[in-house]
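Laboratory data are not the source of any read-out in this text; all were calculated from the coordinates shown. Everything numeric here is computed off the predicted structure, so don't read it as measured data. Cβ placement follows ideal geometry from the backbone for every residue including glycine, while neighbour counts extend to all protein chains displayed.
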Amino acid sequence: MKKLLVLFVCLFVTAVSTQAQSYTVFFTGNRLVEQMREYDKYEQGSSKFIVYGHAMFCGYITGVCDAMHAKLPDGTIIGQVVAIVAKYLKEHPELWAKAADDLVRQAIIEAFGLTK
């Protein structure tokens, strides 16, 4: 009986540990980069038909920034944060397969000298 209990506990701990390490990523950096490209086109005066990607890019970054509860310098506007994230994505294509929210957080942390 003790062996069975030990086996059950070991299996449970393994299952919980595996579940904690893997989570579903719905939005990767690759998807965010697609929207960043539409954002860039829109900002350069391109067609109104790419407004959706522009809005999604800005909105996603705004949501992640708000969720971070980061203390940004007074007077910081979302346009600055969006530009910072766009620059970070362009400089780090090797990270695009990661979760988009992680990339946004890292860009903000590095740009403003925040702690994780």
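Some values worked out for this structure:
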quantity	calculated
If the convex hull is drawn through the Cα atoms of the range 26-112, its volume per residue in Å³	87
Extension gain from Leu114 to Ala83, taking 0.36 nm per residue of separation minus the Cα-Cα distance	9.4 nm
Distance between the range 30-76 and the range 84-115 - C-alpha centres, whole angstrom	13
Counted charge near Gly79, where neighbours are those whose Cβ lies closer than 14 Å (Asp, Glu -1; Lys, Arg +1)	-1
Additional length obtainable on full extension of the chain from Lys41 to Leu72, 0.36 nm per residue less Cα span	8.4 nm
Residue-count net charge about Phe57 - beta-carbon cut-off 14 Å; Lys, Arg +1, Asp, Glu -1	0
Estimated FRET transfer efficiency when R0 is 22 angstrom, pair Ala97-Thr62 (beta carbons, to 0.05)	0.40
